[in-house]
Amino acid sequence: MSWRKALIVGAVACTLALPTFASAEEMMAKSYDYTGIQTMMKDGTELVPLRQVAESLGFKVTWQDDTRTIVFAKMGDKGMMEDKMMDDKEKMDDKSMMMMGHTFSIQIDSTKITADGKDGMLMYSPMLIDSMTYVPKSFVEMYLLK
């Protein structure tokens, strides 16, 4: 009867250990090196320039002046990006951006975000400071590093 107890205890221990292994993998998530990035503090939150960080991570960033909206997309491969590029005079619509890979749309002074076609809410709204869009570091970690 003791071998059955040992087997049950072993099975329970393995079951409990599996989430720990997954968590360890998640804790090894990507991080961003902010060396050379001019950050700033506002109300206890560290802000970073969105375009500079996003472009360094391979995102194409576009500004829509009429709505004060920033749309940024990351392509799966460079060939796909080159096929989808348009003249500067043409604007990419949301549908064509979504076909390319991960896309995000945020608006200055709004907590709304559209991420890969799904609406969500941000804890802090993006803000313009000296004609540059700033977002919290947590935004970069949550959306751009995945």
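Quick grid of which residues meet (1) touching an Asp or Glu at 6+ places or on another chain (Cβ under 9 Å); (2) assigned to a strand (DSSP E or B); (3) at pLDDT 90 or above; (4) among the hydroxyl-bearing types (Ser, Thr, Tyr):
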| position | (1), (2), (3), (4) |
| --- | --- |
| 51 | no, no, yes, no |
| 55 | no, no, yes, no |
| 62 | no, yes, yes, yes |
| 73 | no, yes, yes, no |
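Name the residues in segment 116-146 that are assigned to a loop (DSSP other than H, G, I, E, B) and farther than 16 Å from residue 33 by Cα, would you? So that I can check it myself, show each step before the final result.
First, the residues of segment 116-146 that are assigned to a loop (DSSP other than H, G, I, E, B): 116-117, 122-126, 130-131, 145-146.
Hits for segment 116-146 are 116, 117, 122, 123, 124, 125, 126, 130, 131.
Somewhere in segment 26-40, is a residue in a strand (DSSP E or B) and either closer than 14 Å to residue 144 by Cβ or at pLDDT 90 or above (or both)? Talk me through it step by step, then tell me what you get.
Taking segment 26-40 first, the residues in a strand (DSSP E or B) are 40.
The next check asks that each one be either closer than 14 Å to residue 144 by Cβ or at pLDDT 90 or above (or both); those that pass are 40.
Yes, segment 26-40 contains a residue that is in a strand (DSSP E or B) and either closer than 14 Å to residue 144 by Cβ or at pLDDT 90 or above (or both).
The values are calculated or read from the model by the stated rules, or taken from the named source; none is laboratory data. Given the structure is predicted, the values throughout are model-derived calculations rather than measurements. We place every Cβ from the backbone using ideal geometry, glycine too, and count neighbours over all the protein chains shown.
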